[in-house]
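Beneath this line is the structure, given in structure tokens, with notes to follow.
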Amino acid sequence: MITNIAEITIFSDIPEDEFPHILSLLKERNFKKNHILMFENDQSDDVYFIRSGMVKVYRLHEGKEIVLSIAMPGDILGEVEALSNDNYRISSIEALENVSAWQISKKDFLQIVDKYPSILRKAYIILVERTRMLNRLIRYLTFYDVRTKAANLLVDLYYNFGKPSVNIFKIDLKINQSLLASMLGVTRESISKTLGDFQHEGLIDIRDKYFYLLDKDKLESLCSETEEDQTLRKWSNH
């Protein structure tokens, strides 16, 4: 649980003595798992800062869900709409688990931005990081077969949610196959078959919706054509 707003990336350069003023503008919100915080194309302009829990950011196309990213504690949501003249939401956001967040109105957020230009610089950096992630997602969806897509995503998930042990590497995030399929733009049947192949080959194990990388090196070798090092697989700076 994030209790200090300095842990929110976009606020990290603000003097500590200014925190009480910013906190006075924030409203504490709690959302249950599966609650939808934002709907794509809705008109709203509040900004959210995730304190605990995780959410998925996604869009719908012809009834099919495409997951664009997973936001974690310390991340900001909705700042793009707040900083633009268009209040229509560009994506939907749903809680993957119980989520605690701070909420701020567009008016109050822009007031803080005007006072602290560092927020705008941080917002730009965050936007660049998201663009890089989306570029990789486009590459996954466009050029790779299901096996390479799945291997890359599992390695990505490890570098963002992984907990190493002696010989087994756990992805410390409960994730079902439907979500994996939505993140890769494939059918649930195809991802199920691929994961079954990985299990048969001794690359992974799945227990209670947790994924364990049994042979991380071999799994990464399936991703060699991407030429990505682990730092480029990180989805945020925290």
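Just wondering, is there one or more residues in segment 186-204 that are in contact (Cβ under 8 Å) with a residue 40 or more places away in the chain, closer than 23 Å to residue 53 by Cα, buried (at least 17 other Cβ atoms within 10 Å of the Cβ) and not assigned by TED's automatic domain parsing to the domain that holds residue 64?
There is no residue in segment 186-204 that is in contact (Cβ under 8 Å) with a residue 40 or more places away in the chain, closer than 23 Å to residue 53 by Cα, buried (at least 17 other Cβ atoms within 10 Å of the Cβ) and not assigned by TED's automatic domain parsing to the domain that holds residue 64.
Given 115, 107, 149, which one is among the charged types (D, E, K, R) and in contact with a Ser or Thr (Cβ under 9 Å, 6 or more places away or on another chain)?
149
Residues are listed down the side, and each one gets a yes or a no for (1) at pLDDT below 90; (2) assigned by TED's automatic domain parsing to the domain that holds residue 191; (3) among the polar types (S, T, N, Q); (4) within 22 Å of residue 159 (Cα to Cα):
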| position | (1), (2), (3), (4) |
| --- | --- |
| 34 | no, no, yes, no |
| 47 | no, no, no, no |
| 51 | no, no, no, yes |
| 68 | yes, no, no, yes |
| 88 | yes, no, no, no |
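Of a type outside the set (A, V, I, L, M) and touching a Ser or Thr at 6+ places or on another chain (Cβ under 7 Å), is that true of residue 16?
The answer is no for residue 16.
Go through (1) in a helix (DSSP H, G or I); (2) closer than 19 Å to residue 201 by Cα for residue 167 and report which single condition fails.
Evaluating residue 167 over (1) in a helix (DSSP H, G or I); (2) closer than 19 Å to residue 201 by Cα leaves (1) as the failure.
Considering only segment 72-110, state which residues are farther than 19 Å from residue 26 by Cα, over 20 Å from the mean Cα position of the chain (by Cα) and assigned to a loop (DSSP other than H, G, I, E, B).
84, 85, 86, 87
So which of 139, 121, 147, 130 is over 28 Å from residue 32 (Cα atoms), at pLDDT below 90, out of contact with any His (no Cβ under 9 Å at 6 or more places or on another chain) and of a type in the set (Lys, Arg)?
Selected residue: 139, the only one of 139, 121, 147, 130 that is over 28 Å from residue 32 (Cα atoms), at pLDDT below 90, out of contact with any His (no Cβ under 9 Å at 6 or more places or on another chain) and of a type in the set (Lys, Arg).
Condition check: surrounded by 15 or more Cβ atoms within 10 Å (Cβ to Cβ) and at positive phi. Does residue 63 satisfy that?
Against the criterion (surrounded by 15 or more Cβ atoms within 10 Å (Cβ to Cβ) and at positive phi), residue 63 does not qualify.
Can you name every residue in segment 8-56 that is under 17 Å from residue 113 (Cα atoms), surrounded by 13 or more Cβ atoms within 10 Å (Cβ to Cβ) and not hydrophobic (A, V, I, L, M, F, W, C)?
9, 12, 13, 18, 45, 46, 48 - these are the residues of segment 8-56 that are under 17 Å from residue 113 (Cα atoms), surrounded by 13 or more Cβ atoms within 10 Å (Cβ to Cβ) and not hydrophobic (A, V, I, L, M, F, W, C).
Which residues, taken from segment 214-238, are at pLDDT below 65, under 21 Å from the mean Cα position of the chain (by Cα) and outside any loop (DSSP other than H, G, I, E, B)?
226, 230, 231
The values are calculated or read from the model by the stated rules, or taken from the named source; none is laboratory data. On a predicted model such as this, the values are computed, not experimentally measured, just so you know. Positions of Cβ are backbone-derived with ideal geometry, glycine not excepted, and every protein chain shown enters the neighbour counts.
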